[in-house]
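Here the structure is laid out as structure tokens; the discussion comes afterwards.
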Amino acid sequence: MKKFAIIVSEFHSEITEKMLEESLKGFKEQNIKPLVLKVPGALEIPFAAQELILKKKISSIVALGLVLKGDTDHYDRVCEMCSDGIMQISLKYRVPIIFEVLMCSKKSHAVKRIHKAYEASFLATKMLKIL
């Protein structure tokens with residue numbers, strides 16, 4: 001039996017909660033009830049993914065979050081560490097992780113991409129069908 005999970009960052013929750021709603025809507029349309037795990041920020045997503053794979057035997061994950069560009073180089077490091085961490089976990093454990101951690105310069109750009117979380121739920125199931 002395939003198990004699905006959504007990991008969502010609580011940072012910028014005004015956006016990420018809407019993303020979570022969209023992803024849950026997509027899973028519901030497929031008659032799937034995923035495990036939902038909320039983490040403090042984008043940097044915690046890779047570790048959470050690894051633990052869900054190892055402890056809960058999750059088959060596919062949707063990663064949701066938002067990193068907004070600020071005035072420092074912190075944005076670049078967070079984006080790099082989050083995306084690299086997710087890719088490493090996905091490849092190491094051979095579990096598809098659908099990456100919808102938005103990396104935007106303005107909140108308005110993120111608002112326009114909230115719907116991508118809906119699409120991510122379908123990609124999570126599609127990846128398991130084609131593998």
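The values are calculated or read from the model by the stated rules, or taken from the named source; none is laboratory data. Quick caveat: nothing in here was measured; it's all calculated off a predicted structure. Glycine gets a Cβ as well: all are built from the backbone with ideal geometry, and neighbour counts include every protein chain shown.
Any chance the stretch 36-43 includes a residue that's modelled with pLDDT of 95 or more, farther than 29 Å from Lys129 by Cβ and surrounded by fewer than 14 Cβ atoms within 10 Å (Cβ to Cβ)?
yes
Go through the residues of the stretch 21-34 one by one and say whether even a single one is among the acidic types (Asp, Glu) and touching a helix residue (DSSP H, G or I) at 6+ places or on another chain (Cβ under 7 Å).
yes
Of the numbered conditions (1) without any contact (Cβ under 8 Å) to a residue 12 or more places away in the chain; (2) part of a helix (DSSP H, G or I), Ser23 fails exactly one; give the number of that condition.
(1)
Just wondering, is there one or more residues in the stretch 27-46 that are of a type outside the set (Lys, Arg), on the phi > 0 side of the Ramachandran plot and touching a residue at least 24 places away in the same chain (Cβ under 8 Å)?
Our first condition is that a residue be of a type outside the set (Lys, Arg); within the stretch 27-46, this holds for 27, 29-32, 34-37, 39-46.
Subset that is on the phi > 0 side of the Ramachandran plot: 31.
Now restrict to residues that are touching a residue at least 24 places away in the same chain (Cβ under 8 Å): none.
Checked the stretch 27-46: no residue is of a type outside the set (Lys, Arg), on the phi > 0 side of the Ramachandran plot and touching a residue at least 24 places away in the same chain (Cβ under 8 Å).
If you check Ala110, Ala117, Ala124, which single one turns out to be touching a His at 6+ places or on another chain (Cβ under 8 Å) and in contact (Cβ under 8 Å) with a residue 12 or more places away in the chain?
From the options Ala110, Ala117, Ala124, the qualifying one is Ala110.
Modelled with pLDDT under 95 and not small (Gly, Ala, Ser): is that true of His12 in this structure?
Against the criterion (modelled with pLDDT under 95 and not small (Gly, Ala, Ser)), His12 does not qualify.
Which of the residues that make up the stretch 6-20 are surrounded by fewer than 23 Cβ atoms within 10 Å (Cβ to Cβ), within 10 Å of Leu64 (Cβ to Cβ) and without any contact (Cβ under 8 Å) to a residue 60 or more places away in the chain?
The one that is surrounded by fewer than 23 Cβ atoms within 10 Å (Cβ to Cβ), within 10 Å of Leu64 (Cβ to Cβ) and without any contact (Cβ under 8 Å) to a residue 60 or more places away in the chain: Glu17.
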